[in-house]
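Enquirer: Mind looking over this structure? Questions follow.
Nothing in this text is a laboratory measurement; each read-out follows from the coordinates by a stated rule. Note that the coordinates shown come from a computational prediction; the quantities given were computed from them, not determined experimentally. No Cβ is skipped: glycine too gets one built from the backbone with ideal geometry, and neighbour counts run over all protein chains shown.
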């Protein structure tokens, strides 16, 4: 039986991926197919699904830093959007005859946005450090906390009196987990440590009458901010995704959608553009620039797998009908199908809509404003990673007065503390180059990792009349022609050049 799950999940996941859709769309369809074949749920699949949920919450906890969402643009925009969408959907449900409590719970859960899809599309564009990504991820973390609260309230039994002891054990438990993580070096041991922490936290909370999901999240939070936390999250990513396959298969096994379910899915898909537009308008109202608000809204456009997880808990507690989960699952799958291509074309789409979208910007200074001047600098370096920083240092030693630009505020702050001249700026944003005074700049060096960001920057520079040297990295021979066509003067392939330099030094006498 298990081999049939794997074959169907793999085949449909592969089919979805070939269409450039998230594989979990295929997994949900796989669950529907298994149900149609007469396959029933069992304890093995339920255990795999539960483990996937615990690992998901544990890895969310690993990224849960207070500063990630202690911003007015995150808390204000996130909560206001969640409230407006939930009220809109809830009132619609009541108008159609649903009881208020189930309608309110369903509306709140369907208002969430997908963490998995947002992180994947932002990671593919290599924009996770950019301000719009930080805003989007902060809102997602806020929604995840609301989802965990729903799971806790719907799944909580009468807590044991010993549950209060947890408050006294928080600090000792944190020190123990941190020490163990620091002592764990080997890859396989790091994975075992993560599994043990997620399952152990879940088991302890469940034993004390609390939610196991809350326990897994708490275990992750205790490790958040540690240097090894990012590596631990990466190591568990593949395992987490694998076990979550069981969760999506299990949802599909709940049954095929009825005609009423399909009408609900259709209504929610018609609501999706409004949900996305609300993100944009609210973010712009909180004084984000139109581009930042638009990119964040596109990343948050879909419906959420986390809402489905919370919905499963609510259905188990009898607070919403079990049949609702099928409609939720299909809604999420369809939203992923629409939002994945939207995010791949989001920069081009913003370029076309920019004159309209900028009308929503509020006057005054924005927290994501770009610099208008580079002072006396003669060379601008866009992208202050390892290559950009070494380029900056070499030029600084040659008295070329360089200035660095990076879209990650943490990178900017870290380099400023070392005495380097670095400012915030997103090189893929055409407005950066349109506003910047470049009359004294002899060269612009593009070391950002994303090819589209390099080509867009070069095109914007040439379009505004810049005639100086534009240099850009190229990691693929096929990219060189596109960069030259965009206006790049010097294309440098570090891998090719490293091989030549190694060969030269190897045969020197």
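Enquirer: Rounding to the nearest 10 and keeping the result within 0 to 90°, find how far the Cα-based axis of helix 229-252 lies from the longest principal axis of the chain.
Expert: Approximately 40 degrees, to the nearest 10.
Enquirer: Please work out whether region 379-507 counts as rounded, prolate or oblate from its C-alpha gyration tensor, where a ≥ b ≥ c are the square roots of the eigenvalues and a/c under 1.5 means rounded, while otherwise a/b larger than b/c means prolate and anything else oblate?
Expert: oblate
Enquirer: If you don't mind, there's one more thing I want to ask. With each pseudo-label sitting 7 Å past Cα toward Cβ, what's the residue 206-residue 269 distance in nm, one decimal?
Expert: 3.7 nm
Enquirer: By its C-alpha gyration tensor, with a ≥ b ≥ c as the square roots of the eigenvalues, how is region 449-505 shaped: rounded for a/c under 1.5, else prolate for a/b larger than b/c, else oblate? Present the calculation step by step, with values, prior to reporting the outcome.
Expert: Working: a/c = 3.16, a/b = 2.09, b/c = 1.52.
Prolate.
Enquirer: Another one. Two decimals, Cα atoms only, Kirkwood Rh: what is Rg/Rh over region 220-369? The partial results should precede the final answer.
Expert: Details: Rg = 19.0 Å, Rh = 18.1 Å.
That ratio equals 1.05.
Enquirer: Further question: Apply the Debye scattering formula to region 1-134, with a single equal point scatterer on each alpha-carbon and no solvent, then give log10 I(q)/I(0) at q = 0.10, 0.17, 0.23 Å⁻¹.
Expert: The computed values of log10 I(q)/I(0) come out as -0.52, -1.22, -1.26.
Enquirer: Spin-label point model (7 Å from Cα, Cβ direction): what's the residue 187 to residue 79 distance in nm?
Expert: Distance between label points: 4.4 nm.
Enquirer: In whole angstrom, how long is each semi-axis of the equivalent ellipsoid of region 174-245, when you take the square root of 5 times every eigenvalue of its Cα gyration tensor and sort them from largest down?
Expert: Ellipsoid half-lengths, sorted descending, are 20, 16, 10 Å.
Enquirer: Could you line up 261, 399 from fewest to most neighbouring Cβ atoms inside 10 Å?
Expert: Final ranking by Cβ density, sparse to dense: 399, 261.
Enquirer: Between residue 352 and residue 165, what FRET efficiency follows from the Cβ-Cβ distance if R0 is 60 Å, with the result rounded to 0.05?
Expert: My answer for the efficiency is 0.55.
Enquirer: Report, please, the projected area of region 85-237 averaged over directions, based on the convex hull of its C-alpha atoms, in nm².
Expert: 11.4 nm²
Enquirer: Continuing with the same structure: Efficiency by 1/(1 + (r/R0)^6): what FRET value for residue 434 and residue 342, r their Cβ-Cβ distance, R0 = 30 Å, to the nearest 0.05?
Expert: 0.75
Enquirer: Sticking with this structure for a sec: Within 10 Å, count the other beta carbons around each residue, average over each peptide in 489-497, 308-316, and list them highest first.
Expert: Highest mean packing first, the order is 308-316, 489-497.
Enquirer: At a temperature of 20 °C and a viscosity of 1.002 mPa s, determine how fast region 2-360 diffuses translationally according to Stokes-Einstein, using the Kirkwood radius over alpha-carbon pairs as Rh; express D in µm²/s, rounded to the nearest whole number. All intermediate terms of the calculation are to be shown ahead of the outcome.
Expert: On the way: Rh = 20.9 Å.
Estimated diffusion coefficient is 102 µm²/s.
Enquirer: Sticking with this one: How do the peptides 329-339, 95-105 rank, highest first, by the average count of neighbouring beta carbon atoms within 10 Å per residue?
Expert: The peptides rank, most packed first, as 329-339, 95-105.
Enquirer: Turning to a different aspect of this structure: Where does each of 221-230, 440-449 land if you order them by average Cβ count within 10 Å, highest first?
Expert: 440-449, 221-230
Enquirer: Here's something else I'd like to know. Quickly estimate the mean residue ellipticity at 222 nm for the chain, helices only: each DSSP H run with n ≥ 4 gives -39500 (n - 2.57), and the total goes over all residues, rounded to 500.
Expert: About -22500 deg cm²/dmol.
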